[in-house]
1. Determine the shape class of the stretch 1-118: with a ≥ b ≥ c the square roots of the Cα gyration tensor eigenvalues, call it rounded for a/c under 1.5, and otherwise prolate if a/b is greater than b/c, oblate otherwise.
2. Neighbour counts of other C-beta atoms within 10 Å: give me ASP5, ASP140 arranged from fewest to most.
3. Could you tell me whether the stretch 3-54 comes out rounded, prolate or oblate from its Cα gyration tensor? Rule is a ≥ b ≥ c as square roots of the eigenvalues, rounded for a/c under 1.5, then prolate if a/b exceeds b/c, otherwise oblate.
4. Express as a percent, rounded to the nearest 5, the fraction of DSSP beta bridges in the stretch 10-162 (both residues included) that run antiparallel.
5. Ordered by packing density, taken as the mean number of other Cβ atoms within 10 Å over each peptide's residues, highest first, how do 114-120, 162-168 rank?
6. I need ILE43, ILE141, ILE8 ordered by Cβ neighbour count within 10 Å, fewest first.
7. For the stretch 132-178, rounded, prolate or oblate, judged on the Cα gyration tensor with a ≥ b ≥ c (square roots of eigenvalues), a/c < 1.5 rounded, else prolate if a/b > b/c?
8. Normalised by the number of residues in the chain, what is the relative contact order in percent for Cα pairs under 8 Å and 6+ residues apart?
Amino acid sequence: MSYADKDIERVLFTAEELKARVAQLGAEITRDYRGKDLVLVGILRGAYIFMSELARQIDLPCEADFMSVSSYGSGTTSTGQVRIIKDLSEPVEGKDLLLVEDILDTGNTLYYLREMLAARRPASISVCALLDKPERRVKDIKADYMGFTIPDAFVVGYGLDYAEHYRNLPYIGIVKPEVYGG
Ligand code: 5GP
């Protein structure tokens, strides 16, 4: 039980399921990045909880850096506009970047970020997304590491918000439409 259960229509992934899946992703990344110069690039703010769990499941030396980009404001649909609010703190030339994102939805955000970071000449760029909504994709982009595929519904929890609420829920759930006037 949590403070927000009354606003949640359905729990998609419990805290235990999330932890187990993130451990598997961490093991895959550990296997693939041995001997590389790994930098985890967390996309704030939605990926902050995923990134902290994933980083602890990667058994390799790695750096952690963050970017913040504008997303939906307080609505629930993408505008296609991506604005950098906070850039990386370190140069990435020659490094192996792994972009850590909460959800791959239309793909606009990651498509743009990947293009922008590629211009800085890293050795490689891959994408790790906890959730994927393939039905909504507009841009041609796929995650190299993917936690779960989900239907086209607005989800919150485990870092994901609706109008800055629910980020601290330990599970991921679908918000009741009446919460956002749907
Ligand atoms: P894209 O650019 O792929 O359309 O959108 C990616 C961003 O939109 C995600 O990083 C996330 O911040 C936001 N987003 C997309 N779908 C959802 C959702 O179901 N719930 C929440 N809270 N954010 C979402």
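Nothing in this text is a laboratory measurement; each read-out follows from the coordinates by a stated rule. Because the structure is a prediction, the values reported are computed rather than measured. Every residue, glycine as well, gets a Cβ built from its backbone with ideal geometry; the counts of neighbours run over all protein chains shown.
1. On the way: a/c = 2.30, a/b = 1.17, b/c = 1.97.
Verdict is oblate for the stretch 1-118.
2. Details: ASP5 11, ASP140 7.
So the residues, fewest neighbours to most, are ASP140, ASP5.
3. Working: a/c = 4.47, a/b = 1.99, b/c = 2.24.
Because a/c hits 1.5 or more and a/b fails to exceed b/c, the stretch 3-54 counts as oblate.
4. Numbers: 3 of 26 bridges.
Of the beta bridges lying entirely in the stretch 10-162, close to 10 percent run antiparallel.
5. On the way: 114-120: 13.1, 162-168: 15.4.
Output ranking for 114-120, 162-168: 162-168, 114-120.
6. Working: ILE43 24, ILE141 18, ILE8 21.
Lowest count first: ILE141, ILE8, ILE43.
7. Working: a/c = 2.27, a/b = 1.64, b/c = 1.38.
Here the stretch 132-178 falls in the prolate category.
8. Worked out over the chain, it gives 26 percent.
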